[in-house]
Amino acid sequence: MRAGYGAHTVLHALSLRLAPGTVGCLLGPSGCGKTTALRAIAGFEPIGAGRILGDDMVLTDAGHIVPPEKRGIGMVFQDLALMPHLDVASNVAFGLHRQPRAERDARVAELLELVGLAGSAKAYPHQLSGGQQQRVALARALAPKPRLILLDEPFSSLDVELRERLSQDVRAILLHEKTTALLVTHSQFEAFAMADVIGVMRSGHLHQWDTAYNLYHRPADRFVADFVGEGRLLPGTRRADGAVEMELGVLRAHAEIPPPGPVEVLLRPDDVVHDDSSAVQATVTARAFRGAEFLYSLRLDSGREVLSLVPSHHDHAIGCRIGIRLDVEHLIAFAI
Amino acid sequence: MGHLAAAIVVLAVGLSLYYASRQIDYEWRWERVPHYLVETGGTEIPAPFDGTVKFAPDGQSLTLTPLLGGGEPVTVAGFDRIEVSDGDIVFAGNTLGREHGWSAGPLAIGLWMTLKISLASLVFALILGLVVGLGRVSRRVVSRDLAALYVEVIRGTPLLVQIFIFYFFIGTVLSLSAFAAGVAALSVFTAAYIAEIVRGGIEAVPRGQTEAARSLGMSAFQAMRHVVLPQALRSTSPALAGQFINLIKDSSLVSIMALTDLTKAGREVVSSTFSPFEVWFCVALLYLALTGTLSFAVRRLERRLDRHD
């Protein structure tokens, strides 16, 4: 599926392709256009330029939109939009209104079983908890076996603990139904937990469309590097021999990095290792206990800041000076 | 405690009204009012033509022989009291006797007319109001403009003036009966308000509901009919009930046409009894009974619907 969009330039030349059976995700801060993209794919918004294809059929182009009900695309809405006047079974059966009764009932029972709500068929949406309503919304969207299911910030109304559990459940349900899905979220956690491919977006631009591993370890640009995961950018100089010189030492480059000249190097918290024998020292400015580890914010002598993940038995107070060294597996550097 | 205080206030107002009415020279004749509600005097049986009365031997029927030898004698039977004597000469329309039993008095007939005109107007106002309300939220500019114009014109002119226009102008042009003109005026007037209620109800249903229905395979029309309207009508039912109560009260204005509704009947009864206070109190109570029953029914209906959510 390809989408180009340019009307109010909410989205600039967005282009992505989602293979059948995979779960994709558009990740970005609010207002980045990810919901607009989703609504365009669902057929609720026109596009200014480009095309949206589903199984090589044109669904939307600049002058024409296949209406939402004829696209075969299901959607789970941010506010769920369950029908308050219908019970759970009728909500799930909603997209099956053209099928014979027996088939419809069987499909509803199957889905309620799948989402773990077999006992609540006769309940009304307001009698269910937030997580249960979420499951009903998912079951309802899945019922007509859409070719693609869109999920718009599906867990935004739930508390953090529930999100974690439900996002794994939802992924399992999507895989069980062999559905292609596209998710929109501002939460990296949800994106990583559910998606095979993730697109990082900002102000209408798609910065990178890649796997979670590549977003983290091979970010395409500074924004992706900063947005995905934690880390700090430190200035350095790329030498002609390929190594990068920085205040914390010289790094050998494995991957393709910018041409010689000034660069910025991304240091993840696990790239900075605590080592008492190291000559390089930094001052602890903040620390966050994370069970197995402390996440220390460290101020270098130059005044710049790095993050370091240190096993939690190394308990250093704020203001302490500790020794650090770099242990970088993937060097990520951007030309300035 | 609060109920008691309210009861005391009502009682005090009632007593002061009673005291005030003692101050003026007015003779209360409550006993006259029931006759105008229900007629217990029985129905008169009139003579069909001029003739001579002749009783049957058992006294249960009489034979009327036409005067001047024109036509066959006619036997009249089935009355409970005879008001003529054997051998009397009566003229056409004279009362031969009375049949016992109850019949509706003018106030009851007026009440029935009010009920009929309100119900008929209600049905048409609902249909028209729904159409105009849908027009207000339509995607087509033409529909939106026309619906907005309709609502503005109708809400911006007095109902009494509209009734005159419907009765004297539109009623004459289309040769409508007074009843039809009255129903038309009331429907058109009430529909403007219902349209606004419907519009508000539709707009209060989140857009996600329509989109959810459409992504599940429903057309825009089906989504409106099966998803949006049921929710909109439920949330607006108190406002609609209020509008129906207004409609019943507004129907009193049709009494300016040649329609004997409850208000017109009240006026007629007042002019024949010279007991305006009793009659108007009675008329007010009858309206209150109608609107009270309606409120009660709507509240019951709402509670039944609410049991689902």
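Numbers below:
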| quantity | calculated |
| --- | --- |
| Dipole of chain B, positive direction: furthest Cα of B:VAL38, B:HIS3, B:LEU128, with charges on the beta-carbon | B:LEU128 |
| Chain A: most fluctuating residue of A:GLY242, A:GLY24, A:GLY291 per GNM, C-alpha cutoff 10 Å | A:GLY291 |
| Options B:HIS226, B:GLY242, B:SER255, ranked by Cα towards positive dipole end of region B:108-308, top entry (Cβ charges) | B:HIS226 |
| Relative contact order of chain B, pairs being alpha-carbon contacts under 8 Å that are 6 or more residues apart, as % | 17 |
| Principal-axis tilt of helix A:130-142 within chain A, Cα atoms, nearest 10 degrees | 60 |
| Average beta-carbon neighbours from other chains, 10 Å sphere, peptide B:222-229 | 2 |
| Mean Kyte hydropathy of -0.5 or more with a Cα span along the axis of at least 24 Å, helices from DSSP in chain B | B:2-23, B:106-136, B:178-204, B:229-250, B:276-306 |
| Cα gyration tensor category, rounded, prolate or oblate, for region B:108-308 with a/c compared to 1.5 | oblate |
| Chain A - share of DSSP beta bridges that are antiparallel (%, nearest 5) | 75 |
| Protection-proxy order for peptides A:66-75, B:152-161, each taking the mean of Cβ atoms within 10 Å per residue, highest first | A:66-75, B:152-161 |
| Test item: A:78-86 mean partner chain Cβ contacts at 10 Å | 6 |
| Dimensionless Rg/Rh of the protein assembly as shown - Kirkwood Rh, Rg from C-alpha atoms | 1.25 |
| B:TRP102, A:TRP209, reordered so the largest accessible area comes first (probe 1.4 Å) | B:TRP102, A:TRP209 |
| Sorted peptide list for B:256-267, B:199-210, A:32-43, criterion being average Cβ within 10 angstrom, highest first | A:32-43, B:256-267, B:199-210 |
| Segments B:130-142, B:221-233 sorted - mean Cβ within 10 Å per residue, highest first | B:221-233, B:130-142 |
| Gyration tensor verdict on region B:179-256 (Cα atoms; rounded if a/c is under 1.5, prolate if a/b is larger than b/c, oblate otherwise) | prolate |
| Gyration tensor (alpha-carbon) shape descriptor, region B:1-143, a/c threshold 1.5 | oblate |
| Amide H partners (placed H, <5 Å) of A:ARG202, local residues excluded | A:HIS207 |
| Listed residues B:TYR36, B:TYR18, A:TYR124 arranged by accessible area, highest first, probe 1.4 Å | B:TYR18, B:TYR36, A:TYR124 |
| MRE, 222 nm, helices only [DSSP H, n ≥ 4, -39500 (n - 2.57), over chain A, to nearest 500] | -7000 deg cm²/dmol |
| Cα-centre dipole for region B:1-157 with unit charges at Cβ (Lys and Arg positive, Asp and Glu negative), debye to 20 | 1460 |
| Separation between Cα centres of region B:182-233 and region A:161-177, rounded to whole Å | 36 |
| Cα centroid separation - region B:10-63 against region A:42-119, whole Å | 70 |
| Hull-based mean projected area of chain A, where the convex hull spans the alpha carbons, in square nanometres | 20.5 |
| For A:65-77, mean number of other protein chain Cβ atoms within 10 Å | 4 |
| Measure of compaction for region A:231-335 (Cα Rg per 2.2 N^0.38 Å) | 1.08 |
| A:ALA220-A:SER30 FRET efficiency (beta carbon distance; Förster radius 22 Å; 0.05 resolution) | 0.55 |
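The values are calculated or read from the model by the stated rules, or taken from the named source; none is laboratory data. Please read all numbers here as calculations on a predicted model, not as lab measurements. No Cβ is skipped: glycine too gets one built from the backbone with ideal geometry, and neighbour counts run over all protein chains shown. Heavy atoms of the whole protein, side chains included, go into the accessibility calculation; ligands, DNA and RNA do not. Shrake-Rupley method; radii C 1.70, N 1.55, O 1.52, S 1.80 Å.
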